[in-house]
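*Asks:* I'd like to ask you about the structure that follows.
The values are calculated or read from the model by the stated rules, or taken from the named source; none is laboratory data. Quick caveat: nothing in here was measured; it's all calculated off a predicted structure. Every residue, glycine as well, gets a Cβ built from its backbone with ideal geometry; the counts of neighbours run over all protein chains shown.
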Amino acid sequence: MKRSSTLFLQLVIILIGIAAVALMLWEPQIEGRNAHATTFQVYFNDPFLAYAYIASIPFFVALYHAFKVLGYAAQNKVFSQPAVKALRTIKYCAISIIGFVVVGELFIVLGSSDDRAGGVFIGILITFGSIVIATAAALFEQILQNAVDIKSENDLTV
């Protein structure tokens, strides 16, 4: 892969991470029920918000590993065991995001809120995206693992 392409994609990953952090810090303050709340009330009196922050950790771990995979591609080391391990981590992060979303959806549905439709729809979208990412990462992991195995067999016979 061209170095410029990987640098561009790495920049996109960094921008996605910055945008996600900015949204996570900004959105709770403009939410309807927090319109007149203090910063302490917004961030420390809402267990769902704390849960959302904890659930976002796998997302940022996956972004970091995607950044690493692009770094391996830039160095022509994509057919290596560390790249396979990074893809496996991305797959596990996507699966854990699905688990966090399912628990969050239960929290929304079983809660006392009268506006569940938006939260449930966003959860479905996040779950669908995570399923796509987990499937793609598993597929690429398997392809790269096969390539690494073939490469190691060829290195042994030479």
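To keep it simple, each residue is scored yes or no on (1) in contact (Cβ under 8 Å) with a residue 60 or more places away in the chain; (2) aromatic (Phe, Trp, Tyr); (3) surrounded by fewer than 17 Cβ atoms within 10 Å (Cβ to Cβ); (4) part of a loop (DSSP other than H, G, I, E, B).
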| position | (1), (2), (3), (4) |
| --- | --- |
| Gln10 | yes, no, no, no |
| Leu25 | no, no, yes, no |
| Tyr43 | no, yes, yes, no |
| Ala73 | yes, no, no, no |
| Val84 | yes, no, no, no |
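*Asks:* Please work out if Val78 is touching a residue at least 12 places away in the same chain (Cβ under 8 Å), closer than 30 Å to Ile150 by Cβ and outside any helix (DSSP H, G or I).
*Replies:* yes
*Asks:* What are the pairs, 6+ residues apart or on separate chains, where a residue within region 121-138 that is closer than 15 Å to Ala66 by Cβ has its Cβ under 6 Å from a residue that is part of a helix (DSSP H, G or I) and aliphatic (A, V, I, L, M)?
*Replies:* Ser130/Ala94; Ser130/Ile97; Ser130/Ile98; Ile133/Ala94; Ala134/Ala94; Ala134/Ile95; Ala137/Leu87; Ala137/Ile90
*Asks:* Identify all residues within region 111-135 that are aliphatic (A, V, I, L, M) and within 16 Å of Leu49 (Cα to Cα); write none if there are none.
*Replies:* The first filter runs over region 111-135 and keeps only residues aliphatic (A, V, I, L, M), leaving 117, 120, 122, 124-126, 131-134.
Correct list: Val120, Ile122.
*Asks:* How many residues are loosely packed, with under 14 Cβ neighbours inside 10 Å and of a type in the set (D, E, K, R) if we restrict to region 45-71?
*Replies:* Final tally of qualifying residues: 0.
*Asks:* Is region 87-99 home to any residue that is among the basic types (Lys, Arg) and crowded, with 16+ Cβ neighbours inside 10 Å?
*Replies:* Yes, region 87-99 contains a residue that is among the basic types (Lys, Arg) and crowded, with 16+ Cβ neighbours inside 10 Å.
*Asks:* To continue, here is another question. If you take the residues of region 107-158 that are in a helix (DSSP H, G or I) and among the hydroxyl-bearing types (Ser, Thr, Tyr), which of them is farthest from the chain's Cα centre (by Cα)?
*Replies:* Top of the filtered list is Thr157.
*Asks:* If only one of Tyr72, Tyr51 is modelled with pLDDT of 90 or more and of a type in the set (Phe, Trp, Tyr), which one is it?
*Replies:* Checking each option against the conditions leaves just Tyr72.
*Asks:* Give all pairs with beta carbons closer than 7 Å in which a residue from region 92-119 that is free of Cβ contacts under 8 Å to residues at least 12 places away in the same chain and of a type in the set (A, V, I, L, M, F, W, C) meets a residue that is surrounded by 12 or more Cβ atoms within 10 Å (Cβ to Cβ) and not in a helix (DSSP H, G or I); count only pairs at least 6 apart in sequence or on separate chains.
*Replies:* Val109/Arg116
*Asks:* Looking only at residues in region 27-40 that are surrounded by 12 or more Cβ atoms within 10 Å (Cβ to Cβ) and not aliphatic (A, V, I, L, M), which one is farthest from the chain's Cα centre (by Cα)?
*Replies:* Asn34
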